[in-house]
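A quick write-up on the structure given underneath.
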Amino acid sequence: MEYDAALEHLGRCGRFQKITTIAMALVGIPAGFNMVAMTFLGAMTDHRCRLHENSRADYAGNATEELNASIPWENVGGTWRLSQCNMYVDPLGAEVGENATIAPCEYGWVYDRSQYSSSIVTEFDLVCNKAWLTELAQSIYMSGVCVGAVLFGVMADRYGRRPILLLCLMLQIPLMFAVAFATNYVTFVTLRFFIGATTNGFLYSGIVIGTEVVHTSRRSLFGMSLSFTQATSYMLLGALAYFFRDWRNLQLAMSIPPLLFVSYWWLAPESPRWLLTNRKTEEAKMVIRKAAKQNGVEIPKKIYELIDEDGDKGLDRHDRRPRTYTMLDLVRTPKLRATTILISTNWFVLSGVYYGLWVGTSNLAGDHYVNFITSACVEGVGVFVAWFTMERCGRKRSSAVFMLLGGCACAATAAVPHTHDTISTVLAMVGRFGISVSFNVFYVYSAEVFPTVVRNMGLGVATMLARVGGIIAPFVYLLADTWRPLPLLTFGLVSIFSGLTMLTMPETLGKPLPNTIASVENVSKPPPPILVPDGVVLPDDIDNPLIIFQKLTVL
């Protein structure tokens with residue numbers, strides 16, 4: 001592709017590449033905000049029944065004479081506490097434990113506001129028989145991400161990366177502000193659904209632009225910069241949540257940073273690779289000229305001549321239009337079909353285990369905000385480990401090894417006795433670290449393995465299945481009712497299987513991005529046989545004594 005030739009003259013790390021890659025790496029900030037925002041927006045707090053219709057009493061978790069007379073006790077996990085969902089219907093007219101009748105809360109609930117001033121749980125009373133609606137809210141958001149992955153992935157491959165990037169941004173900003181003013185649960189989850197769709201379109205259009213603009217030697221750096229901005233967004237979200245403990249104020253605070261991305265109207269270029277692949281040669285030359293001007297270099301005229309020649313290839317002689325690709329092209333040819341299936345399967349497993357382990361470690365004792373920010377710091381460490389290993393060991397090997405490490409650590413918890421919870425916790429954290437590193441490597445690898453003509457589309461399908469994994473993950477913990485270690489054992493086994501399948505994938509370290517489907521299919525095709533006279537020993541045969549012997553015996 002002529003853009004690779006142009007890059008040799010533009011320089012590997014010129015001003016154009018720096019501005020573009022930094023801008024595209026920052027798209028991880030709003031994506032990180034929205035992905036884990038429900039940790040605080042939907043925070044579950046301790047609660048109990050309101051005792052009287054007009055009661056203004058604050059939450060009291062400890063037993064008092066009035067509470068003992070009004071609320072029954074219950075045993076939860078071996079610990080006795082006041083019931084959160086039941087009360088005595090007529091506690092003043094009946095003696096507790098004899099004739100009192102237990103029924104669901106009649107006058108609503110009183111909430112513990114020591115850590116959270118408010119959340120959608122406390123405002124919309126999503127507790128007791130409505131507690132599942134909080135999980136549903138996150139599942140609906142993930143459903144929006146799935147829809148956006150396919151819809152905007154197809155649109156980005158057909159109409160360009162930049163238009164979809166800007167479209168999703170302009171839709172996302174007002175939607176994020178609107179959530180803060182949602183007056184009921186249905187409005188809240190509906191807006192969050194559309195935010196999920198636009199977040200995915202904005203994120204992956206940015207990933208693809210950054211990947212397609214930079215030189216081969218800088219792709220890892222860009223991918224890890226994006227992962228680091230997402231980890232940073234988690235830290236920033238934890239800090240914002242600490243200062244804005246009312247969920248509406250927090251949502252407004254989250255909505256302000258995306259306003260800065262309006263500058264992308266001027267900063268975000270179209271991908272030259274996409275333009276050249278779609279035979280938009282004049283637009284491609286404009287982007288390259290702008291890049292050369294920013295970098296202070298001159299592009300030889302021969303490069304532009306090659307671009308014009310390449311633009312005339314593969315076009316219909318009558319209408320001169322480039323071919324339009326569809327999702328069927330992802331599975332039409334053997335190697336691309338195998339790539340699509342394996343990448344999608346691994347994304348499904350990685351995302352499911354990653355978010356499943358996140359859910360499983362969110363109930364640690366201590367301050368919720370400190371725990372959240374600490375977890376985000378662990379993510380940051382995983383980014384640097386991923387960058388270090390993938391540059392030295394390759395994408396395929398790094399992802400497979402850390403996926404196997406995470407899987408083995410999770411599976412090993414099944415052999416730990418119930419009395420050694422500390423060992424189980426350490427193994428779970430090691431598992432989460434391994435999956436996190438593999439997750440970060442996979443961001444880079446997925447963008448490199450698909451050809452330019454269907455790159456956004458391929459990422460869209462893969463990440464759609466990734467979000468399905470994220471939707472299913474919380475429900476895996478229901479398996480603990482059958483056997484306590486079963487959830488982590490399940491995560492471990494699927495991770496091990498996924499890590500082994502990664503070993504069959506091609507390596508992309510140091511290789512140019514594939515631009516066409518044909519380039520993927522021919523990547524490992526052996527050269528055609530060369531006909532030579534019998535008895536002639538070719539240079540390639542010198543190290544093979546058997547071939548030499550066979551040829552010499554013909555003489």
- prompt: What helices (runs of 4 or more DSSP H) lie completely within the stretch 1-110 and have 2 or more residues being at pLDDT below 85 and surrounded by 12 or more Cβ atoms within 10 Å (Cβ to Cβ)?
  reply: 2-10, 65-70
- request: Pairs only if they're at least six apart or on different chains, beta carbon under 8 angstrom, first in the stretch 420-435 and among the hydrophobic types (A, V, I, L, M, F, W, C), second not in a helix (DSSP H, G or I); list them, first residue then second.
  value: I423/V416; L427/V416; A428/T361; M429/T361
task: Just one of (1) at pLDDT 95 or above; (2) within 30 Å of Y111 (Cα to Cα) trips up P174, so point out which.
output: (2)
- prompt: In this structure, does R158 turn out to be more than 29 Å from G11 (Cβ to Cβ) and modelled with pLDDT of 90 or more?
  reply: no
- prompt: For the stretch 393-416, does any single residue satisfy the condition of being surrounded by 20 or more Cβ atoms within 10 Å (Cβ to Cβ), modelled with pLDDT of 80 or more and within 30 Å of L275 (Cα to Cα)?
  reply: yes
- line: Scanning the stretch 232-252 for residues that are more than 14 Å from H368 (Cβ to Cβ) and among the charged types (D, E, K, R), the one nearest to the chain's Cα centre (by Cα) turns out to be R248
Hits in the stretch 193-218 (condition: in a helix (DSSP H, G or I), in contact (Cβ under 8 Å) with a residue 60 or more places away in the chain and not β-branched (V, I, T)): G196, N200, F202, L203, Y204, S205, G206, G210, E212, S217, R218
message: If the requirement is being at pLDDT 90 or above, of a type outside the set (S, T, N, Q) and assigned to a helix (DSSP H, G or I), which of these qualifies: L276, L236, L221, L226?
response: L236
message: When you scan the stretch 283-300, do you find a residue that is within 29 Å of the chain's Cα centre (by Cα), farther than 25 Å from Y445 by Cα and touching a residue at least 40 places away in the same chain (Cβ under 8 Å), even just one?
response: no
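Please state which one of Y325, Y369 is out of contact with any Cys (no Cβ under 8 Å at 6 or more places or on another chain), modelled with pLDDT under 85, within 18 Å of L459 (Cβ to Cβ) and among the aromatic types (F, W, Y). Steps first, answer last, please.
On the way: Y369 fails: within 18 Å of L459 (Cβ to Cβ).
Y325 is the lone residue from the list that is out of contact with any Cys (no Cβ under 8 Å at 6 or more places or on another chain), modelled with pLDDT under 85, within 18 Å of L459 (Cβ to Cβ) and among the aromatic types (F, W, Y).
The values are calculated or read from the model by the stated rules, or taken from the named source; none is laboratory data. What you see is a predicted model, and the numbers here were worked out from it, not measured in a lab. Glycine also receives a Cβ, built like all others from the backbone with ideal geometry; neighbour counts cover every protein chain displayed.
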